[in-house]
Amino acid sequence: MKENPTGQMQESLLYVAVLHRQSAMLFPLLVPQLWNQFHGDMKAAKQNTKTSPRHHLRIT
């Protein structure tokens with residue numbers, strides 16, 4: 001039996017749609033975590049520059 005290419009394509013599109021729907025559901029949950037992590041890192045970096053500027057200059 002020959003595989004139907006359009007059938008395969010529809011299957012993969014369906015798979016992508018399901019993945020997209022799942023990620024769309026997870027997206028609002030993930031974004032605040034990532035944002036907080038990023039913001040925390042930025043705050044920490046700013047504090048580090050205030051406390052030890054020489055150390056910061058050595059990194060850059």
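Remarks
- The condition of being part of a helix (DSSP H, G or I) and under 11 Å from the mean Cα position of the chain (by Cα) holds for only one of SER12, SER23, that being SER23.
- Near pairs, Cβ below 7 angstrom, 6+ apart or cross-chain, from the stretch 17-40 (surrounded by 10 or more Cβ atoms within 10 Å (Cβ to Cβ)) to any residue that is of a type in the set (Asp, Glu) and assigned to a helix (DSSP H, G or I): none
All of the numbers you see were taken from the coordinates with simple rules; none came from a lab. It should be emphasised that the depicted structure is a prediction, and the values quoted were computed from it without experimental measurement. We place every Cβ from the backbone using ideal geometry, glycine too, and count neighbours over all the protein chains shown.
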